[in-house]
Amino acid sequence: MAMRVMGFAGSLRQGSYNRAALRAATELLPGGVEMESFDLAPIPIYNDDVRARGFPESVVEFRNGIARADALLIVTPEYNYSTSGVLKNAIDWASRPPEQPFKGKPIAIMGASPGALGSARAQYHLRQMFIFLNAHVLNQPEVMIAQSHQKFDEQGNLKDADTRERIRALLQALLEWTTKLRGSASVT
Ligand code: FNR
């Protein structure tokens, strides 16, 4: 049976390196893996009064997509040494009860930034959130796409061969991690 991955990127802009990295990942999937990309743009700013009246439709779709997926691929930009508000906001919505869907979910993280550390600080903040949410975040390989402006062409194609190889390795490791967790009684 194919493994279904849901991928999402924490940037909304058209020319986003992180969205481009997510597109590249869909081209680099190992055999037996399918990817659905989820667009975070329709998700509103979190308001607990709204949540108390019922999740907005876009949030329902996001939560259902996470629940359905065998694994997640999260692509984060770095804003002020952390993840973007767009991504944090979406995670906050999805994390609310009942049945928060990150629990037990295998997750791979990667990210891109024009800076020297390629979103490393943002990625470690994301990992911290998923301790509370009890997800199973893959440790390695880490994919930090530094100097992202030199790694993509004008159309947003990932042209850097080493980065393509790292993403390929990340997806292969996610497949193996998910398979391993499925066989373990501790999953769910
Ligand atoms: C940034 N940027 C940035 N880069 C970085 O490496 N570390 C940082 O702390 C920050 N901080 C930051 C804050 C804010 C508010 C913005 C708008 C930007 C630069 C950022 O990495 C760059 O704009 C990326 O291109 C954003 O990702 P996308 O949109 O290309 O996916």
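Test N47 against the stated conditions and say whether it is free of Cβ contacts under 8 Å to residues at least 12 places away in the same chain, open to solvent by 10 Å² or more (accessible area, probe 1.4 Å), among the polar types (S, T, N, Q) and over 30 Å from A120 (Cβ atoms).
Against the criterion (free of Cβ contacts under 8 Å to residues at least 12 places away in the same chain, open to solvent by 10 Å² or more (accessible area, probe 1.4 Å), among the polar types (S, T, N, Q) and over 30 Å from A120 (Cβ atoms)), N47 qualifies.
Output the helices (runs of 4 or more DSSP H) that fall wholly within region 1-107 and possess 1 or more residues being more than 16 Å from the ligand (Cβ to nearest atom) and either under 12 Å from the mean Cα position of the chain (by Cα) or closer than 25 Å to T163 by Cα (or both), or say none.
17-27, 57-68, 85-94
When only residues in region 1-44 that are without any contact (Cβ under 8 Å) to a residue 60 or more places away in the chain and of a type in the set (S, T, Y) count, which is farthest from T76 (Cα to Cα)?
Going through the qualifying residues, I end up with T26.
Quick one: count up the residues across region 132-179 that are within 16 Å of the ligand (Cβ to nearest atom), open to solvent by less than 60 Å² (accessible area, probe 1.4 Å) and farther than 21 Å from S82 by Cβ.
Residues that pass the stated criteria total 8.
Looking at G85, G111, G183, G118, which one is at pLDDT 95 or above, surrounded by fewer than 17 Cβ atoms within 10 Å (Cβ to Cβ) and of a type outside the set (S, T, Y)?
Values: G111 fails: surrounded by fewer than 17 Cβ atoms within 10 Å (Cβ to Cβ); G183 fails: at pLDDT 95 or above; G118 fails: surrounded by fewer than 17 Cβ atoms within 10 Å (Cβ to Cβ).
Result: G85 is the single residue among G85, G111, G183, G118 that is at pLDDT 95 or above, surrounded by fewer than 17 Cβ atoms within 10 Å (Cβ to Cβ) and of a type outside the set (S, T, Y).
Six or more apart or on different chains, Cβ under 7 Å: which pairs go from a residue in region 128-156 that's without any contact (Cβ under 8 Å) to a residue 24 or more places away in the chain to one that's outside any helix (DSSP H, G or I)? Could you list them?
Cβ pairs passing all conditions: D153/K159.
The values are calculated or read from the model by the stated rules, or taken from the named source; none is laboratory data. Predicted, not measured: the structure shown is a model, and the values here were computed from it. Counting neighbours? That spans all protein chains shown, and the Cβs are built from the backbone with ideal geometry, glycine included. Heads up: the accessible areas ignore ligands, DNA and RNA and are worked out on the full protein's heavy atoms, side chains in. Shrake-Rupley method; radii C 1.70, N 1.55, O 1.52, S 1.80 Å.
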